[in-house]
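Asker: To start, I am sharing the structure in question, which I have written as structure tokens.
The values are calculated or read from the model by the stated rules, or taken from the named source; none is laboratory data. Keep in mind that what you see is a predicted model, and the values were worked out from it rather than measured. Neighbour counts run over all protein chains shown; Cβ positions are idealised from the backbone, glycine included.
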Amino acid sequence: MQANRRRDTKPEVVLRTALHALGYRYRKDLLLRLDGVRVRPDIVFTKRRVAVFVDGCFWHVCPQHGRQPTTNEWYWTPKLRRNMERDQRVNDTLAEAGWSVVRVWEHVPLDDAIASVRSALE
């Protein structure tokens, strides 16, 4: 699991590069401490209070591409469930603090991802 990146994944870098080319400025992987919950969005627009997460299909159990592991099920099933619960807790905490949350799946086309971020920023 050491080889799995927490930040600077390919889909995240592609989205960040495109947003930067469009003139948007942001912070990446910024630690936010909100009501005792530590949150690290992939892309953060601090002034506009928008947090963007680029979620991997396996790790965040994408309804379209996520799959149940068949090997070491005893480990992976609870792990993926905890990831989903953490994502929901993070969304709720950010919303209560007045932040807008944008979650983009890694398989979403770049234009759609940019449109989601732009609509949250405006």
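Asker: All but one of (1) at pLDDT 85 or above; (2) surrounded by 10 or more Cβ atoms within 10 Å (Cβ to Cβ) hold for residue 63; which doesn't?
Answerer: The failed condition is (2).
Asker: Follow-up question, since we're still on this one. Which numbered condition trips up residue 31, out of (1) closer than 18 Å to residue 86 by Cα; (2) surrounded by 15 or more Cβ atoms within 10 Å (Cβ to Cβ)?
Answerer: For residue 31, the failing item is (2).
Asker: Right, residue 92: without any contact (Cβ under 8 Å) to a residue 60 or more places away in the chain, surrounded by fewer than 16 Cβ atoms within 10 Å (Cβ to Cβ) and in a helix (DSSP H, G or I) or not?
Answerer: yes
Asker: From the set of residues in the range 30-53 that are modelled with pLDDT of 90 or more and charged (D, E, K, R), which is nearest to the chain's Cα centre (by Cα)?
Answerer: Taking the candidates together, the pick is 42.
Asker: A follow-up question, please. Filter the strands (runs of 3 or more DSSP E) completely within the range 1-86 down to those with at least 1 residues that are under 18 Å from residue 107 (Cα atoms), in contact (Cβ under 8 Å) with a residue 60 or more places away in the chain and in contact with a helix residue (DSSP H, G or I) (Cβ under 8 Å, 6 or more places away or on another chain).
Answerer: 43-45, 50-55
Asker: Let me ask another. With respect to residue 56, is the statement that it is small (Gly, Ala, Ser), modelled with pLDDT under 95 and surrounded by 16 or more Cβ atoms within 10 Å (Cβ to Cβ) true?
Answerer: So residue 56 passes the test.
Asker: Residue 20 - would you say it is buried (at least 16 other Cβ atoms within 10 Å of the Cβ) and modelled with pLDDT of 85 or more?
Answerer: For residue 20, the condition - buried (at least 16 other Cβ atoms within 10 Å of the Cβ) and modelled with pLDDT of 85 or more - is not met.
Asker: Could you check the range 95-122 and list, in sequence order, the residues that are in contact (Cβ under 8 Å) with a residue 24 or more places away in the chain, on the phi < 0 side of the Ramachandran plot and outside any helix (DSSP H, G or I)?
Answerer: Within the range 95-122, 97, 99, 100, 101, 102, 103, 104, 105, 106, 107 qualify.
Asker: Among the residues of the range 34-53, write down those that are closer than 14 Å to residue 94 by Cα, surrounded by fewer than 21 Cβ atoms within 10 Å (Cβ to Cβ) and not hydrophobic (A, V, I, L, M, F, W, C).
Answerer: Within the range 34-53, 35, 36, 38, 40, 46, 48, 49 qualify.
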